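Report on one structure; see the data block that follows.
The values are calculated or read from the model by the stated rules, or taken from the named source; none is laboratory data. The model shown is predicted, which means the values in this text are computed figures rather than measured ones. In this analysis, Cβ positions are derived from the backbone assuming ideal geometry, glycine residues included, and neighbour counts consider all displayed protein chains. Ligands, DNA and RNA are stripped out before the accessible areas are found, and what is left, the full protein with its side chains, is counted by its heavy atoms. Shrake-Rupley method; radii C 1.70, N 1.55, O 1.52, S 1.80 Å.
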Amino acid sequence: STSIKDVISQARASINQPSRPYTPRESMERTMFRRKQSGLNKILNGPVLNNTNKEEFIKAYRPGMESNNWNIRGEDKSYPERPTSSMSIRSNIDTLSNSNLLVKSKKKLESKKVKLKPLKKKSQKNNHDTSLSITATQIETEAEKSINPKLKELLSQIKLNEQHRSSHINNLKKYLQQQTILEGINDSEKEYISTKMVTLMRDKQTSEDEVIQMASLLIHFHRTLTNNAVLTICKILYKLSKNQDHDGRFEEENLPMLMIQVPSYYLYQWKQNVNKKVYFSILLHSIAILKNITVDGSNSRLALFNTDVVKFSAVNILPNLLIQGIPKMGVCIFENFVSSLVEGGISISKDEYLQLWIQITGLLRNLMATLDDIEIHETCEQALVQMVHLMLNLFDWNGTEGNSYFLKNQEIVLNCARVVSKGTVHPIFTSSILQIPHIIPFFMYLIHEYELNQPIVERISFILGNLTFSHPASRSKFTEDHLSVLFDITALYQARDKQLREQKKDAIDAENILIKMYRCIANISIDPEKGTIIANTKRFVKKIVPLLESKSIDESEELVLNVVRALTNLSYYGVTQNGGSLHKLAEKIATLISPLLMHDHRDGVLESARCFGNITRDPSLREFCRSKRYDEAIIILVEHSDPEIVEAVAGVLINLSSEPKTMHLFTPTLINHLFEALEMGTVSLATVILKIFHNLLIASGSYFIARQVEILADLISNLGDSIELFLKGKLENPSLALQHAEKSELMELLDVIDNVLHVINGDEKEDGSAYQPLSPK
């Protein structure tokens with residue numbers, strides 16, 4: 001499969017076709033966006049809720065939760081930010097546990113001032129009924145009769161020995177692992193463990209690390225716990241997961257592997273039990289926990305890419321119906337959950353459905369950020385692709401409209417844009433996403449609808465840049481209306497960038513959008529039809545000059561490079577159209593990019609030389625470059641050590657070799673440098689240099705000394721023989737240059753060699769006409 005490195009290397013343009021701009025893939029750091037709006041309001045439905053209906057909304061959809069306790073980590077940031085200091089969750093644990101465990105709440109009793117009457121002594125005549133009076137202690141004793149004494153002892157040690165509680169929890173864990181292998185643990189014991197340990201988790205003397213230890217044990221047996229107990233545990237873990245300081249403890253306790261199995265089971269239960277709202281809350285919290293802890297790459301890999309995720313658990317977590325045929329990998333389990341959720345069959349409101357998907361897309365975003373660090377199994381790739389498809393299909397886009405409930409929610413749109421933007425740096429995702437009908441119109445609708453939302457615009461422009469870079473066919477799918485939207489957004493953020501700089505404010509966000517917009521437009525411009533349209537769109541082209549005037553490659557490296565790349569592509573179609581929008585500005589553009597020819601920045605030299613290769617195709621512009629002595633600067637670059645730069649420079653020299661006024665530049669010294677460049681070995685560079693030699697040989701005047709002509713004839717004769725043998729499969733030890741070249745490139749080089757040899761030998765063309773100068777293809 002094509003690696004990202006290969007995709008990057010293939011993005012470099014040759015002199016034979018318009019440049020295919022490459023923008024280095026965005027950093028996977030999660031600090032790009034700093035949106036101020038956060039909390040429950042954003043999680044629920046995007047727009048801010050007013051104070052009057054906020055608490056009412058919370059009570060309706062999140063029973064038992066306070067608004068100030070629901071600030072899911074990372075909901076509104078590319079890097080989900082959590083409090084940096086250790087968070088005390090004691091009050092939250094008490095509140096959550098009291099409302100959900102099978103322990104009678106004392107809240108109502110404590111809130112009422114009840115005057116108790118003195119108890120009267122029972123009369124002796126009732127002594128014979130005392131056997132019917134069973135105390136709470138006696139009930140507990142009766143319930144504990146079936147519990148293994150060793151288990152009771154271990155739990156008692158955890159409760160009594162606060163200083164060494166962590167080690168006693170580990171002892172219990174080892175015991176449970178042994179019992180699972182040898183005899184198994186009965187349901188009564190599991191319920192007993194959960195009751196005792198949840199009580200300990202409420203103990204103020206229990207540290208947060210110990211809470212995580214105990215929670216990891218309980219999640220093992222979540223299928224045998226009461227729903228309220230599981231929900232309480234999930235809420236406690238959720239509170240802890242908001243603090244990134246706990247990420248390492250979650251990993252040590254293997255909680256990511258355990259938690260990934262929870263959503264599927266409770267979704268299955270929900271489908272079997274209508275109107276069980278507790279299942280929704282468990283689903284929401286368990287996915288939110290996973291989303292929070294998978295910000296950490298180690299936890300993400302542990303949860304989603306571990307092949308032992310199913311057999312790790314002490315019990316069979318998932319029902320057989322869900323587990324059959326699923327590879328034992330966390331991401332496949334999660335994909336199964338997502339697919340089952342989309343299939344429906346549960347009683348769920350639109351708001352609840354949206355809340356779940358906000359958490360799911362947040363988790364997918366973290367998952368995508370992990371992809372660069374691991375080797376992904378083919379099954380894993382398919383599961384990820386399927387989830388991306390399901391996510392995008394939620395919008396139900398038909399080319400002109402879709403599901404407005406999702407389309408109008410900026411939180412879900414932003415999360416989806418982040419997922420896709422991270423996925424499209426991988427070829428498999430790009431190919432898959434393009435299979436979705438109307439995908440280009442869909443993203444164009446979103447970027448137009450949210451043109452003032454910088455994070456969404458930046459993500460979608462990056463997506464469009466990736467799609468148009470990797471798949472040429474996607475470029476032709478942009479209509480003139482789509483291009484108009486891109487022009488408007490580019491102008492909007494260019495104006496914002498200028499305004500912020502004039503106010504001495506940070507304009508990095510606006511510049512980041514311009515980087516990606518110009519990259520996208522540059523890629524689209526490779527298409528002949530679209531490139532011609534863009535090159536002749538005055539309102540877009542006229543914005544380029546002031547942008548180049550205000551930016552330097554030292555301060556705005558990537559933006560300047562993308563603008564020059566766009567100009568290279570557009571000049572391929574526009575500069576030869578006398579009177580066109582780009583042709584009118586070509587001299588100004590040449591002046592602005594000429595300093596890059598002598599710059600220390602390698603890519604700046606390369607891109608400016610390529611652009612001059614297109615500009616100098618026009619006779620009037622060649623004269624302008626000669627008058628400004630740009631041609632002399634370009635000739636100096638023939639001695640450059642970089643083959644790509646030399647090839648770009650050779651493209652300019654082809655144009656100069658067809659202009660009598662610039663033929664004096666081709667001195668014997670320059671020709672010697674071109675001979676040396678042939679030894680760099682690339683097929684495309686050899687083709688360009690031989691075209692230059694062809695043009696010099698047919699020109700009036702002598703530019704070669706006799707010895708140079710003899711050397712040239714021998715050199716290209718041998719080269720032609722080698723290519724013919726290679727194409728027939730008979731060449732021993734072919735060079736890497738031949739092996740890496742396309743057949744079409746080799747055939748073109750053979751044609752040029754044949755023409756040069758005919759000119760050297762003084763042969764006439766078959767039709768009697770004179771040989772004409774060759775130019776770039």
Contour minus Cα-Cα span, E587 to H164, at 0.36 nm per residue, comes to 144.3 nm
Ignoring ligands and nucleic acids, K277 exposes an accessible area, probe 1.4 Å, in Å² to the nearest 10, of 100
Heads up, segment 545-665 by the C-alpha gyration tensor (a ≥ b ≥ c square roots of eigenvalues; a/c under 1.5 rounded, else a/b over b/c prolate, else oblate) looks oblate
Note to self: with every protein chain in place and a 1.4 Å probe, segment 388-538 gives an accessible area per residue in Å² of 35
Here the Cα Rg-to-2.2 N^0.38 Å ratio for segment 712-765 is 1.19
Carbon/sulfur accessible area of segment 512-578, % of total, 1.4 Å probe, equals 43
Taking a crude spin-label model, label points 7 Å out from Cα along the C-beta direction, the A473 to E449 distance in nm is 2.7
Which of K152/K204; K743/K765; K204/K291; K504/K588; K235/K277 exceed 18 Å between C-alpha atoms? The answer is K152/K204; K743/K765; K204/K291; K504/K588
Checked segment 624-777 against the a/c 1.5 cut and the a/b vs b/c comparison, axes a ≥ b ≥ c from its Cα gyration tensor; verdict oblate
Between T199 and K150, the FRET efficiency computed from the C-beta separation at R0 = 30 Å comes out, to the nearest 0.05, as 0.95
Note to self: with every protein chain in place and a 1.4 Å probe, segment 559-612 gives an accessible area per residue in Å² of 30
Computed Rg/Rh for segment 613-653 (Cα atoms; Rh = Kirkwood radius) stands at 0.99
Expressed in nanometres to one decimal, the distance between label points 7 Å along Cα→Cβ at Y771 and L731 is 2.2
Rounded to whole Å², per residue accessible area for segment 188-243 with a 1.4 Å probe reads 26
Answer in debye to the nearest 20: the dipole magnitude of segment 561-718 about its Cα centre, from +1 Lys/Arg and -1 Asp/Glu charges placed on Cβ, is 620
By the Cα gyration tensor axes a ≥ b ≥ c (a/c under 1.5 gives rounded; else a/b larger than b/c gives prolate, otherwise oblate), the shape of segment 425-517 is prolate
Farthest towards the positive end of the dipole of segment 590-675, among G613, T591, F624 and with Cβ unit charges of +1 on Lys and Arg and -1 on Asp and Glu, lies the Cα of F624
Note: R629 to S722 extended length (0.36 nm per residue) minus current alpha-carbon separation gives 29.5 nm
Carbon and sulfur atoms account, in whole percent of the 1.4 Å probe accessible area of segment 327-367, for 50
Carbon plus sulfur, as percent of the 1.4 Å-probe accessible area of segment 217-260, comes to 37
